[in-house]
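Colleague: Quick one: the structure is below, questions incoming.
Values quoted throughout were computed directly from the atomic coordinates according to the rules given, and no laboratory measurement underlies them. Computed from a prediction, not measured in an experiment: that's the story for all the values here. Cβ atoms come from the backbone with ideal geometry, glycine included; neighbour counts cover every protein chain shown.
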Amino acid sequence: MRMKSILAVILVSLTYSCGQSLKSKNLNETYGISTSVVKNGTSETHTNLINQENYIHNFKQYKTPKILIENSYPKGGGRTGPNGDRYGYGIFYSSIKNESDSTLKVSLKFPTMPTPMNNQANTQLNVFLSLDLWESKILDSLDYGIKDLSFFDNPQQGNRELIKTIKPNEKSYFYVAIQFNNATEGPVRTGLEIKDQEILYKVSYETKNETVLIPCGKFLFNQ
């Protein structure tokens, strides 16, 4: 019974998406999603506007390399594994915009072993890189549109590496999926950060005031 209660907490924490407005011209991107409806024998097209601002938790500009990183709010919930074990998961996306005049190559690689949370007993994170293509039209979909989560049940087969080549003034998106072996209390926030040319993935439990930095990549060249 206690496990069900705890899992309910992570479900609420992960599926809650705040509509915080970030005032930045870089984030003010609105996408029109068109759908056709037949009414009285006549086809009508309706367009729903999706503002990406509503899905971005934070962003930061860097001078070396000259990039803009955006990190999303989470989506996710709870799942039951093949052995009947319950666990929580979160789906996030990040983007890297190359604001320089040169091509930027980024190599991402997450650890194959679970990452422990320092102050939460027996809590570990498994981090994966989903190969699903990011699409603006599925921002408001369940789990940001990712349908195949089978890698959570077979961690050894999950993808943890990704190489991106980003041309000048272009933006590249990717999904990050996190498996929590134990449910956590309170919101979980994540995002890419840069320190001394090393790429780190930050996972924070806001109510517990705990943060883990996971080394996950580097810039191969910028020329």
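Colleague: So between residue 64 and residue 100, what do we pick up on full extension, going 0.36 nm a residue minus the alpha carbon distance?
Modeller: 12.0 nm
Colleague: In addition: Output wanted: per-residue J couplings in Hz (rounded whole) for region 85-97, from phi through Karplus 6.51 cos²θ - 1.76 cosθ + 1.60, θ = phi - 60°, x for Gly and Pro.
Modeller: Going residue by residue, I get 7, 9, 8, x, 8, x, 10, 10, 9, 10, 9, 10, 9 Hz, with x marking Gly and Pro.
Colleague: In addition: When you count, for each residue, the other Cβ atoms within 10 Å and take the mean per peptide, how do 187-199, 150-162 rank with the highest first?
Modeller: Ranking the peptides 187-199, 150-162 by packing returns 187-199, 150-162.
Colleague: Let me ask something else. In what order do 135, 70 fall by count of nearby beta-carbon atoms within 10 Å, going from fewest to most?
Modeller: With the sparsest Cβ surroundings first, the list reads 135, 70.
Colleague: Using label points projected 7 Å from each Cα along Cα→Cβ, tell me how many nm separate residue 147 and residue 83, to one decimal.
Modeller: 3.0
Colleague: Please report, in Å, the Rg and the Dmax of region 143-223, where both are computed over Cα atoms only.
Modeller: 15.1, 44
Colleague: Follow-up question, since we're still on this one. Mind scanning 66/137; 97/147; 137/208; 164/208; 137/195; 63/147 and naming the pairs with a C-alpha gap bigger than 31 Å?
Modeller: From 66/137; 97/147; 137/208; 164/208; 137/195; 63/147, over 31 Å: 137/208; 164/208; 137/195; 63/147.
Colleague: With 10 angstrom as the radius, rank 147, 75, 202, 97 by how many other C-beta atoms surround their C-beta, starting from the fewest.
Modeller: So the residues, fewest neighbours to most, are 147, 202, 97, 75.
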